[in-house]
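The values are calculated or read from the model by the stated rules, or taken from the named source; none is laboratory data. As the structure is a computational prediction, the values presented were derived from the model and not from experiment. Counting neighbours? That spans all protein chains shown, and the Cβs are built from the backbone with ideal geometry, glycine included.
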Amino acid sequence: MTSLTTYNKKRDFKQTREPLGKKETKKGFRFVVQRHMATRLHYDFRLELGGVLKSWAVPKGPSLNPATKRLAVMVEDHPVSYIGFKGRIPEGNYGAGLVEIWDNGSFTPINAKHEPISEREALQNITRGEIKVNLKGKRLNGEFVLVRLKNDDKNWLLIKHKDEYAVNTIYDAEQEVSKIKLKKEAPSVSGLKAKKAGKTANDKKAKSTGSKTAEERKIGKFTVNLTNQQKIWWPDEGYTKGDVISYYDTIADYILPHLKNRPLSLKRNPNGIQDEGFFHKDAGENAPEFADVFPVESESSNKIVDYLVCNNKATLLYVANLGCIEINPWNSTTKAPDNPTWMVIDIDPSTGNTFKEVVDVALATKEVLDRAGVTGICKTSGASGLHVYVPMKNKYDYTTVKDFAHIIASLVQEQLPDTTSLERSLKKRGEKIYVDFLQNRSGQTLACAYSLRPVPGANVSTPLDWKEVNHKLHPSQFNIKNTPDRLKKKGDMFEEILTESTNIQKALKALKA
């Protein structure tokens, strides 16, 4: 029986993407620490020795504090090719859950005198129940020791040695995960502006794959793979997936400032507007190198959700290629995740309301904001409603902003009691317009300014001058075809949301006056 027999018996390789277990040629002394969100979150510590990965499951993760001894449960040997494995092990399979690479690098097996030893000696030391290593990783560096507990074959302790890499404070591997705000620095939006001009023959490489068309498009120093661009997404109008990609390519300089450093809740419609689609929050797992990722611990699932962050045109087109007709960013940024950049009143009609009534609610909202001395910017939702935004510049937390929105919404509802309601349940409010202030909560999203919507006509969520908010207004006036020209003519009518601010205390005093 080989040391990988147990590994292979536990897995169905028709269902899991984990590598088949076989001994491989030595490629050096390498190590990996994989963060494994299985039934219970743990960290897998693996050393490349003897043509396999000697493996231990560390429930609380490694520590850099020598005073903290971490339990490490020895598990079956894994194949060397597992050193690069990351992804999701499907439900119903052994170890089902998400596997991420937390750290990796090289190591040197050493003796008690801190001198390098051979691979053979290292394997003998494991058999004896104690192995010392000097790690060179991104997070873990310096000397560690694995010591097997007495009269116990499986349970070991992973201990940091006292050296220049050791710390004397509490070290939590999970806190290290939460410290990562963005994976890598993206090129600035301004640096991409020069690329907006026409593409040259070298910028595109089209290739036919049967009935599907794939394209490798060069965006700055990055390459984005675009697929199935001929696919019809609007059957009545004939608009295609390629039209969506082209739209976002054209208006990227206008939408990117409103997406910068904002996690996205992806709404994917890979089969077009007749497909109900699905939300995809944990989209950072397989993100390309040019896309930033923001990890957030989910309170409901007790897991880390890797949100995609769209900081460059390459990511914008990648998201469109995933089937995202609309773009839904957080109200806050990765730099101040608990403090929204804006407040929003979402004017959401029922099927029994006219759009003229929606306009009346928006104008009533403006009246209240004017009384408060507050700037409000209106935009179409792109579907059936209107959004009124108020700049906050991340000064207040979500609860404060939500409470202020509640006050504004209540005053609006008092003005139009026959047509509006603060009741969220459609069944309870009947055919009244919902003046929604609850969008001002952490994690809530609305379609971004200049976002397409998966509705007939390919409407665009469009910022408006208040002079345009009248009974002649209709969401269908702004669509995939005419919005780029409108932007060239009027510029970004939503930029004040990012530059202006509001003093809530002064606004409340003005409303009481």
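Before moving on, here are some points about what is shown:
- Residue within the stretch 288-295 that is buried (at least 21 other Cβ atoms within 10 Å of the Cβ), under 24 Å from residue 222 (Cβ atoms) and at pLDDT 95 or above present: no
- Screening the candidates 227, 240 for the property of being farther than 30 Å from residue 100 by Cα, out of contact with any Ser or Thr (no Cβ under 6 Å at 6 or more places or on another chain), modelled with pLDDT of 90 or more and surrounded by fewer than 22 Cβ atoms within 10 Å (Cβ to Cβ) yields one hit, 240.
- Members of the stretch 318-363 found to be touching a helix residue (DSSP H, G or I) at 6+ places or on another chain (Cβ under 8 Å) and charged (D, E, K, R), listed by number: 338
- Of the listed requirements (1) surrounded by 18 or more Cβ atoms within 10 Å (Cβ to Cβ); (2) of a type in the set (A, V, I, L, M); (3) closer than 16 Å to residue 144 by Cβ, residue 71 misses just one: (1).
- Residue in the stretch 255-270 that is surrounded by the fewest Cβ atoms within 10 Å (Cβ to Cβ), counting only those that are in contact with a Lys or Arg (Cβ under 8 Å, 6 or more places away or on another chain) and in a loop (DSSP other than H, G, I, E, B): 265
- Residue ranges of strands (runs of 3 or more DSSP E) in the stretch 367-464 with at least 1 members at pLDDT 95 or above and among the small types (Gly, Ala, Ser): none
- Restricting the stretch 456-493 to residues that are hydrophobic (A, V, I, L, M, F, W, C) and out of contact with any Phe, Trp or Tyr (no Cβ under 8 Å at 6 or more places or on another chain) leaves a set whose member that is surrounded by the most Cβ atoms within 10 Å (Cβ to Cβ) is 478.
- Qualifying residue in the stretch 208-224 (condition: among the polar types (S, T, N, Q), outside the structural domain of residue 298 (by TED's automatic domain parsing), at pLDDT below 95 and assigned to a loop (DSSP other than H, G, I, E, B)): no
- Among the residues of the stretch 238-286, just one is of a type in the set (Gly, Ala, Ser), closer than 19 Å to residue 228 by Cα and in contact with a Leu (Cβ under 9 Å, 6 or more places away or on another chain), namely 242.
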